[in-house]
Structure formats: C-alpha cells, structure tokens
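A.B. asks: Quick one: this structure, given as structure tokens, is what I'll be asking you about.
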Amino acid sequence: MTWTSALKATARAGLTIERTKLEPLVALRGACGVAIVIGVNLWLFTPQLAVASAFGAFASGLATFQRSWRPRPVLALAVAAGLAFSTFIGYMAIADPVVFAVLLALWTLLAGMAWAIGPVSGMVASQMVAVMLFTVTLPTSVLGALHHAGLILFGGLVQAALIVVFPIRPWGRQRDVLADALAAEADYARRLRHDPVARFDPQPLMDARSAAALTPRQARRRPHQLAGPRGLAERLRPVLASLADPVTGAPPEGPERDRVRELLGAAAAVLDAVAHAVRWGKPVKMTPEVMATLDVPDEDRLVLHGAARRSGLRLLVLLADVVEAADERVESTRPAAPGERRHLLRPSVPRLVPVGLRALRREARWSSAIGRHAVRVTAVVSAGYALGNALPLGHGYWAPMTSVMVMRPDFAQTFSRGVARFAGTVVGVWLAGGLMVLVHPGTYVCAALAVLCIALMYLLLRTGYSVASTCLAAYVVFLLGIAGEGWSQTVWARLTLTLLGGLLALTAYALFPAWETLRLRDRLADWLHTNGRYSLAVLAVYALPADRRPRRVREALLDSRAARLEWEEAVARAEKEPVRHRGISRRAERGAESALATMGRATMLMEAHMPDREAGASPGAGTFAAALRAALPEAESAVRERRPLDWSAPHRAHAAWRAAAGEEGVAVRASELLLDALDELADALTPGRRATQRSGG
C-alpha cells in the first residue's frame, strides 16, 4: 500500500461513525458523577478548582467504559488515584521548567511502556500524562496541590460510589460475552451443515474465558447461569467439527450425512435458546421438536456409525448439559454441584504488580514495538511541550496533550485517531464557541452544558473517535467558561496547537516507524510453534493414554488461540501500512494462514476422540509425535529466515504408523490432514516448491 492510499484509508477509518449498542443509563450515571463533582466544588470552592476536579471525575468515568473485566468501582478508584498522584508530582516540579521537562519525559516514557501490560493500562497512563499537563497550569501552593489531588481522587470516589449504589444490569458484560460465545457456536453449527470444514473464529470463546476469571468473592456472588455453560461450549466445538468432518465423521452424502445435518440444525437451535436465556437472565425456552433431539435415540434412529456415532452421542449429552447448566429453574430444585463452583482465579491487584513488571521488562528492548512506541511518544511530547510554550498562543499544553492521547503503538490507529481528533476538535470547538458567543452563558449554565457534553461523549463513545473528540472539545470549552476564560481566547490557540500535536505524532511515526509488516514472519512462526505444541499434547494422549493430562492439552489450545489472534491482528494492522512486501507477500500470507488454521482444526478433530486412560497405547502415535517434535524447531527457524520447510521425517513416521494401524483410526486420518496442512504451509512460503517436487519426481 502506498503512503497516499494508507493515509486515505486511515483517515476514512478515523472519520467513520459506526452504529453500535448504546448504554444510556450507564452514560447518565457517569455524567451524574461529573455533575456532582462540579456542583460540590462550585458550591464549596472556586470555579478553577471545579474545573480541575472535573477532569478526575471525567477520566474515572471514562475508564469504566474500557474493555476490562475488573469491577467497575476498582477501575474508577485506580484511575483517580493515579491521576491524583500524577497531578501532585507535576506541580512539585513545575517551578523549575527543566526539572518538569525531565519529569514529563520520564512520565511519558513509563506511560508508553504501560501498553505492554494491556490496552486499558496504556489508555489510563496516557490520561495521567494529559492531566499532569493541564492541572499544573493552575497556580497554587503545595497545600493547594494536595487539595487538587484530593479533589481529583474525590471524583473517582464519587464515580465508584455511584456504580455501587446504582448498579445497572449487574454481570451484564459477562452475560453478553457468554451469550456471544454460545451464539457463535450456534452459527458454527449452521455453517457446518453446508460446509463441513467451515472455519470458526475463537475470539468469542477467548472473551468468555477472560470474563469468567473471578476472585473467590465474585465467584460466590456469580449468577447460576454463568457458572457452567462456558466450559461446555468449549467442549462442544471439537465435537461439532468432528461430527461434520467428512474425514473423521459421516460420509459426504447419504443417510448418515442427512442425520448429521439434522443434529447440527438442532444443536444450533438449542445453543441459540441458551444464549438468549443467558443474555437476559431467563429460563431456557425451546420448542418440543428441539427438545426431542436431546433424547438419546434408539439404534435404528441414530443411523450413524463409527466415529460419527460417538460424536453424535456425545453431542446430545453435551447439549443436555448446556441446557441444564443455563436453566435458572434448576437452581431452586437441586443443590449446586461442586464442579459448578469451579472458576478461573483472577489475581488481585497487588498480585498483578509482578506480572506487570515482567511485561515491562520483556518489552524494554529496541526491537519491541512497545519499546519503540514509548521512545517515540516521549520524543513527541517533549518536542510538543517545548514548541507549545515557545509559540505566543497560550495554552501550550494542548499540543503535547493531543499527541499523547492519539499516539498508539501501531501506525493505523495513530493516524486514524490523529485525523479524528483534529476533525472532532474543529467541530466541537466551533459548536461550543458559537453557543458561547451567541448566548453568553453564566457559570452554572456552562457547568450544565459541560455535563451535557460529557453525557453525550459517554453515550456515543463507541460510535467513533471523531464523535468522542467533538464532545470532548465542547466539554473543555464549557469548562473554561466555568473558570471565566472567554471562548474566543482559546479557539484559535486550541485548533492550532491540536493540529501541531497531531502533525508531530504523525511525523514521528513516519520518521520512526515500527512496521508490523516486517514482523509477520515472526508472528507466523509463533503460531506454528503453539500449533505444534497443541498437536504434540494431543498425540501424547494417543501414544500413552494412561499418562493423559487434559490440562496440558487445554493450555496448549489456549496458547494456539492466542497466537492465532495475534497473527490476525498483526495482518489487519499490516494491511494498512505503506510497506510493500518486505515481510511476506499477501498471497503467501493468505496461504500460510489457511494452512495453520487447517493444522489446528486437524488437531481439534483428534482431541474430540482422545482415548480414555484405560485404552491401549499407540506406538505409532508416539513415533509420529517424536518426528514432529524434532522437525518443528527447524521449521520455525526456516519460517523466520525465509528457508524451505522440510517435513520428510514426519511423513515417514506417519507412513509407518498408517501401515501398522490401518486406515480406520481417527488419529491416523486426522494426522494425515495435519501433514497436508504442513505441506500447504511449505508451499505457501516457498513458491514453486510443489512444481519442483513434481519435476524431481
């Protein structure tokens, strides 16, 4: 993609307004928190203090809209505490411009590195830098700085208290992601009816797993419907795929295939009904026809044979378990089973400190995209602060504030947010400024308009960054009106400095990039590595069933899903970068992705039919696993270094296994599909390989 095309695409993405589900009650609650803080400070203190404290309430409320499964009050308090500390140390250093510039650079560097912990941490850290730049412009004493910090913390306390006192749809986010996961399984079952090898997006299952991580206290209060269906949905996916697959399931045509389609349609109907019940906290309701599918049929009605028969029977049992786990009426008729109390342990905030430090240490290197982002944003904020103060415009902090809020570790988000920020600022400042000059509102009217703007921002936050920037710009204009500053004194300065901050951010990324395109081969090698671990964990069960370790298989599967998601996100970012084939061609990229997805699917088919502990060992599976284990490290290096891949040893081991076990074993047939996927990977990354093999043969 050329620079012109990349800039057009990112600008279009930044200005796009999306239709999304609005949460008016949540937005109203957050706006009420800002209103309480502004009103109390106007009543007890000065308009200047009301403006400073309003940023604490605003930022604390904004953090609760981020995608995090932490309790909302905890997020509000954590953000307010961080903002209060940032404000205080900023004021302590503002007396000496050199000391403050050094502190600002150090604080921005840490904020840039915070993206290594997660996107919520990165966003909150960026807000801390922005608030430090703004609040230190208010003249005060050391005692006044403590007062400012306390008022900002007060804003977070108000937001947290409102969340506790007025809970809106408790556990609603967890219900939604679990319902989305079940609905995704239902859609998968429908697509399998027509496409037996349809692909499945694991993202809904990954989100459901993240949402299910709870502290012991949360687990005791969790609704019954959220206790069991997620794990059952995880177990359903390989069963659905195994039943539909023509290699390990029913034949492509005939009575068995008709029966498979019937079972898949019924499974989709059941999962949709359960998803609706979980989302709205109601009992599961299904038609009598669908309920009939939950009964295990007799020999004549089942129709299926072999591996397909085992998959069909297992599917019926799992569907019945899903309905029972999600039906709230069950809670009143029987005690909860011990397994329903099991949950993923979410570490407390103090326990997250070592995890965060390890993440920072891991990314503190020149080759890391996060590390380069931290250096880039530090240089831009420092330059913006110096230029903003040098220009005779006043409000020089707007330039570095804009830069730190729009800059992200990747090119596309930085450019799209920069365009959206400037466009939203222009619209917001002119709308609010026009209203100020026409109406000349007083202090309390400005406060009411500021609260209205922040309510609109909370409400429309997910529709697009340009809309949020418009509301935020108008909010700031009205806040300055509360403090007694005329709008005409800030419009041109704000627009000019916002444009300056955005241009500095975009220029820095152009001069000091961290292109994702160049790292695609590394991402692909990581995905191959985790897929290989998953395959080896499943093959180990076939080789020695007595040593079966489901936890090892489960962890390998989760790592494989995470690597696949990282690859897909990297590809999405790379497609928007103005870099031409310096990492991997688009054709090779698509072929490699298809091959590794097929490899994971073949392993999943084997997982669906893993033997019990009492089953006999399979020496052929052990030999094949050993050959694959030996070939994988060299293959990963070959992917990174652009060398041909060699799978001859696993092919020989599989041929011996097939000769000894025959053609009927599920593991033998699925592992053959796995080898085909590895050959497709080699063909995709080595153009002409298949033609060379044919001519050599």
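A.B. asks: Report yes if E636 is of a type in the set (D, E), surrounded by 13 or more Cβ atoms within 10 Å (Cβ to Cβ), within 20 Å of E607 (Cα to Cα) and touching a residue at least 12 places away in the same chain (Cβ under 8 Å), otherwise no. Walk me through it before giving the result.
C.D. replies: On the way: of a type in the set (D, E): yes; surrounded by 13 or more Cβ atoms within 10 Å (Cβ to Cβ): yes; within 20 Å of E607 (Cα to Cα): no; touching a residue at least 12 places away in the same chain (Cβ under 8 Å): yes.
In short, no.
A.B. asks: Sticking with this one: Among the numbered criteria (1) farther than 17 Å from A181 by Cα; (2) under 24 Å from the mean Cα position of the chain (by Cα); (3) open to solvent by 40 Å² or more (accessible area, probe 1.4 Å); (4) hydrophobic (A, V, I, L, M, F, W, C), which single criterion is violated by L214?
C.D. replies: Failed condition: (3).
A.B. asks: Condition first: closer than 19 Å to R72 by Cβ and open to solvent by less than 10 Å² (accessible area, probe 1.4 Å). Can you find one or more residues in the range 139-155 that meet it?
C.D. replies: yes
A.B. asks: Filter the range 296-329 down to the residues that are modelled with pLDDT under 75 and open to solvent by 40 Å² or more (accessible area, probe 1.4 Å) and list them by number.
C.D. replies: V296, D298, E299, D300, R301, E328, R329 - these are the residues of the range 296-329 that are modelled with pLDDT under 75 and open to solvent by 40 Å² or more (accessible area, probe 1.4 Å).
A.B. asks: Follow-up. Considering only the range 543-554, state which residues are assigned to a helix (DSSP H, G or I) and either in contact (Cβ under 8 Å) with a residue 12 or more places away in the chain or surrounded by 15 or more Cβ atoms within 10 Å (Cβ to Cβ) (or both).
C.D. replies: If the condition is that a residue be assigned to a helix (DSSP H, G or I) and either in contact (Cβ under 8 Å) with a residue 12 or more places away in the chain or surrounded by 15 or more Cβ atoms within 10 Å (Cβ to Cβ) (or both), then A543, P545, A546, R552, V553 are the ones that fit.
A.B. asks: Which condition does A667 not pass, out of (1) open to solvent by less than 20 Å² (accessible area, probe 1.4 Å); (2) modelled with pLDDT of 90 or more; (3) under 21 Å from A307 (Cα atoms), if it passes all the others?
C.D. replies: The failed condition is (2).
A.B. asks: On to the next question. Taking the condition of being buried (at least 19 other Cβ atoms within 10 Å of the Cβ) and either in a helix (DSSP H, G or I) or touching a strand residue (DSSP E or B) at 6+ places or on another chain (Cβ under 6 Å) (or both), how many residues in the range 383-412 meet it?
C.D. replies: Of the residues in the range 383-412, 14 are buried (at least 19 other Cβ atoms within 10 Å of the Cβ) and either in a helix (DSSP H, G or I) or touching a strand residue (DSSP E or B) at 6+ places or on another chain (Cβ under 6 Å) (or both).
A.B. asks: Further question: What tally of residues in the range 509-542 results from selecting those that are open to solvent by less than 20 Å² (accessible area, probe 1.4 Å), part of a helix (DSSP H, G or I) and in contact (Cβ under 8 Å) with a residue 60 or more places away in the chain?
C.D. replies: 14
A.B. asks: Go over the candidates A189, A181, A198 one by one and state the one that is crowded, with 17+ Cβ neighbours inside 10 Å, under 15 Å from the mean Cα position of the chain (by Cα) and under 23 Å from M604 (Cα atoms).
C.D. replies: Values: A189 fails: under 15 Å from the mean Cα position of the chain (by Cα); A198 fails: under 15 Å from the mean Cα position of the chain (by Cα).
Just one listed residue meets the conditions, A181.
A.B. asks: Any idea which of R640, R669, R652 is over 19 Å from N531 (Cβ atoms) and out of contact with any strand residue (DSSP E or B) (no Cβ under 9 Å at 6 or more places or on another chain)? If you could, list the steps in order and put the result at the bottom.
C.D. replies: Working: R640 fails: over 19 Å from N531 (Cβ atoms); R669 fails: over 19 Å from N531 (Cβ atoms).
The match here is R652.
A.B. asks: Might you let me know whether the range 359-371 holds any residue that is modelled with pLDDT under 75, open to solvent by 20 Å² or more (accessible area, probe 1.4 Å) and in a helix (DSSP H, G or I)?
C.D. replies: No, the range 359-371 contains no residue that is modelled with pLDDT under 75, open to solvent by 20 Å² or more (accessible area, probe 1.4 Å) and in a helix (DSSP H, G or I).
A.B. asks: In addition: Quick test for you: out of R643, R629, pick the one residue that is of a type in the set (K, R), surrounded by fewer than 22 Cβ atoms within 10 Å (Cβ to Cβ) and over 20 Å from L536 (Cβ atoms).
C.D. replies: Going through R643, R629 in turn, just one is of a type in the set (K, R), surrounded by fewer than 22 Cβ atoms within 10 Å (Cβ to Cβ) and over 20 Å from L536 (Cβ atoms): R643.
A.B. asks: Next up: Go through the range 610-626 and count every residue that is buried (at least 17 other Cβ atoms within 10 Å of the Cβ), part of a loop (DSSP other than H, G, I, E, B) and not polar (S, T, N, Q).
C.D. replies: Residues that pass the stated criteria total 2.
A.B. asks: If you don't mind, another one. Is there a residue in the range 51-69 that is of a type in the set (A, V, I, L, M), touching a Ser or Thr at 6+ places or on another chain (Cβ under 8 Å), surrounded by fewer than 24 Cβ atoms within 10 Å (Cβ to Cβ) and in contact (Cβ under 8 Å) with a residue 24 or more places away in the chain?
C.D. replies: no
A.B. asks: With (1) at pLDDT below 85; (2) in a helix (DSSP H, G or I) as the list, and E18 as the residue in question, which single condition is left unmet?
C.D. replies: All conditions pass for E18, except number (2).
A.B. asks: If you don't mind, another one. Which condition from (1) farther than 30 Å from G371 by Cα; (2) at pLDDT 85 or above; (3) open to solvent by 10 Å² or more (accessible area, probe 1.4 Å); (4) not basic (K, R) is the one that W492 breaks?
C.D. replies: The single condition W492 does not satisfy is (2).
A.B. asks: Still on this structure, please answer the following. Scanning for something of a type in the set (A, V, I, L, M), closer than 13 Å to S466 by Cα and open to solvent by 60 Å² or more (accessible area, probe 1.4 Å), does the range 414-435 turn up at least one residue?
C.D. replies: yes
A.B. asks: Also, I was wondering about something else. Test W430 against the criterion of being among the aromatic types (F, W, Y), modelled with pLDDT under 90 and in a helix (DSSP H, G or I), and give yes or no.
C.D. replies: In short, yes.
A.B. asks: Among the residues of the range 1-50, write down those that are in contact with a Gly (Cβ under 7 Å, 6 or more places away or on another chain) and open to solvent by less than 20 Å² (accessible area, probe 1.4 Å).
C.D. replies: Across the range 1-50, the qualifying residues are G30, G33, V34, V37.
A.B. asks: Right, here's the next one. Do you know which residues across the range 90-114 are open to solvent by less than 40 Å² (accessible area, probe 1.4 Å) and over 17 Å from Y385 (Cα atoms)?
C.D. replies: M113, A114
The values are calculated or read from the model by the stated rules, or taken from the named source; none is laboratory data. Only a predicted model underlies this, so the values are computations on that prediction, with no experimental measurement involved. Heads up, the Cβs are rebuilt from the backbone with ideal geometry, glycines too, and the neighbour counts pull from every protein chain shown. Surface accessibility is based on the protein's heavy atoms, side chains included, excluding ligands, DNA and RNA. Shrake-Rupley method; radii C 1.70, N 1.55, O 1.52, S 1.80 Å.
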